[in-house]
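To start, the structure itself, in structure tokens.
The values are calculated or read from the model by the stated rules, or taken from the named source; none is laboratory data. Remember, predicted model here, so these are calculated numbers, not experimental data.
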Amino acid sequence: MSKLAFGFGIAVIALLVISLYRAKSGAKGAAAEIAAVEAAIEDAHREKTLLEAEFAHLSRREWIEEYARTRLGMEPARAEQFARETDLDSVIGPPSLPADDRVARGGEAPR
């Protein structure tokens, strides 16, 4: 009986050693995965900081005005370019009907 108990004890110890080894290797794999995720999070934080700084620079009024002037050929509006709402008909012409309404009233369809 003692041989049977001794054999059972050795089997239990062997099972515990194997289980401990598997748990340890699983923990190492999980630790490596956690380190990779933490590195990716740190990279994302750095990229976010960089993008926020770039956004702050590109949303400055001075930069937008310079870009509009140099790259788009725009310039600030002149006083004669402004019109009152009541003067719009004389400046740009009377309002026209949408294409669907013109066809329904016997006009030509746009081409």
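Which ones in segment 1-58 are at pLDDT 95 or above and among the basic types (Lys, Arg)?
The answer is Arg46, Lys48.
I need the helices (runs of 4 or more DSSP H) fully contained in segment 1-94, keeping only those with at least 3 residues that are of a type outside the set (A, V, I, L, M). So that I can check it myself, show each step before the final result.
Details: elements: 2-58, 61-70, 88-92.
Fully inside segment 1-94 and qualifying: 2-58, 61-70.
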